[in-house]
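Everything on this sheet refers to the single structure shown next.
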Amino acid sequence: MQGMYLFEYAVLRVVPKVEREEFMNIGVVLFCKELQFLEVRFELDNQRLQTFCVDLDLQELAAYCRSFASICRGDKKGGELESLPAASRFRWLTAKRSTVLQASAVHPGLSPDPAEALQHLVNKLVL
C-alpha cells in the first residue's frame, strides 16, 4: 500500500515476581526500518503499580525505564548499546529476558505515521 510503512512493536511489561508470570503493561516500543524510526513510550501509574505489587520498587522501575529509553534513543552517553544501529537496538531491547521489565513478542503493523501508531498502541494496550 502506497504511503503505508511496515513497523514492528512490542508491549513493555512490569513483571514484579518473575516466577508468578503476572504482569502489567506499561509501555510500547515501536520500530520502522524504512523510516529509521525507533521510539518508546511509558506510562507509569505509581498508584496502580503499587496496588498490583506492594513490594515493587518504583524508583528502580523508573530507572530501568530511563535506561531503556536511553538505549532506544541511541543517546551515546557512554554505553555500547546506544551506539548500535536502530534495528540492532530494537532487537536487543525486545529480546527475551527474566527481569522486572520485559517485552512481549514482537508484532507487525502498517501505518502512514509510526509516531501516531505508537500513541494509538499505548492508548489501546497500556492506558
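One table, with the values for the structure above:
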{"quantity": "Of residues in segment 1-56 being modelled with pLDDT under 95 and acidic (Asp, Glu), the one surrounded by the most Cβ atoms within 10 Å (Cβ to Cβ)", "calculated": "Glu22"}
{"quantity": "In segment 111-122, the residues that are surrounded by 12 or more Cβ atoms within 10 Å (Cβ to Cβ) and either under 24 Å from Phe52 (Cβ atoms) or not acidic (Asp, Glu) (or both)", "calculated": "Ser111, Pro114, Ala115, Ala117, Leu118, Gln119, His120, Leu121, Val122"}
{"quantity": "Those helices (runs of 4 or more DSSP H) lying entirely in segment 75-127 with at least 1 residues in contact (Cβ under 8 Å) with a residue 40 or more places away in the chain and closer than 14 Å to Arg41 by Cα", "calculated": "86-93, 114-125"}
{"quantity": "Gln36 in contact (Cβ under 8 Å) with a residue 40 or more places away in the chain and among the polar types (S, T, N, Q)", "calculated": "yes"}
{"quantity": "Any hit, segment 32-39, residues being among the charged types (D, E, K, R) and either in contact with a Cys (Cβ under 7 Å, 6 or more places away or on another chain) or under 14 Å from Gln102 (Cα atoms) (or both)", "calculated": "yes"}
{"quantity": "Every pair of residues 6+ apart whose Cβ atoms lie under 7 Å, when the first sits in segment 1-18 and is free of Cβ contacts under 8 Å to residues at least 12 places away in the same chain while the second is outside any helix (DSSP H, G or I) and buried (at least 18 other Cβ atoms within 10 Å of the Cβ)", "calculated": "none"}
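Residue by residue, here is whether (1) touching a strand residue (DSSP E or B) at 6+ places or on another chain (Cβ under 8 Å); (2) of a type in the set (Val, Ile, Thr) holds:
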position: Met4; (1), (2): yes, no
position: Leu12; (1), (2): yes, no
position: Val15; (1), (2): yes, yes
position: Glu19; (1), (2): no, no
position: Leu35; (1), (2): yes, no
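The values are calculated or read from the model by the stated rules, or taken from the named source; none is laboratory data. In this text, all values refer to a predicted model and were calculated from it rather than measured experimentally. Neighbour counts are summed over all protein chains in view; Cβ atoms, including those assigned to glycine, are modelled from backbone coordinates with ideal geometry.
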